[in-house]
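Contents: one structure, followed by commentary.
The values are calculated or read from the model by the stated rules, or taken from the named source; none is laboratory data. Not measured: the values here are computed from a predicted model. As a convention, Cβ positions derive from the backbone with ideal geometry for all residues, glycine included, and neighbour counts pool all protein chains shown. The area values use the complete protein model at the heavy-atom level, side chains included, leaving out ligands, DNA and RNA. Shrake-Rupley method; radii C 1.70, N 1.55, O 1.52, S 1.80 Å.
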Amino acid sequence: MLARIAHELYWIGRSLARAEHTSRMLDGLFHEDVQGRRGDGTGVRLSWDSMLVIMGLELGASSPARDEVVRRLTLDRGNPASVVSCIAQAREGARTVRD
């Protein structure tokens, strides 16, 4: 019984960490996009397309806009890597270990 609880607690932590990291990546990319420093040529620059590739999602036929990427990575319940899905997985895991 303790092993099952420990296992669920581990996955609760992993799901919440994934939600947090996704949020931080989106926040960083959003701030870079708002500041608009794309022309200086220094460092590695991410695009909204690359954010979807990093998260293992399909790009589709056309290049998605910022709002579409943010929606898919935050509120899309069909995407297991979205913030809402990760929190829902953690909540479900916490519900099972309520003993």
Query raised in the report: Within the stretch 28-51, restricting attention to residues that are open to solvent by 80 Å² or more (accessible area, probe 1.4 Å) and at pLDDT 80 or above, which residue is farthest from G93 (Cα to Cα)?
Result: H31
Report summary line: In the stretch 6-27, anything farther than 11 Å from Q89 by Cβ and open to solvent by less than 40 Å² (accessible area, probe 1.4 Å) is listed as G13, A17, T22, L26
Report summary line: If we keep only residues of the stretch 53-99 that are over 20 Å from R14 (Cα atoms) and small (G, A, S), then the residue modelled with the highest pLDDT is A65
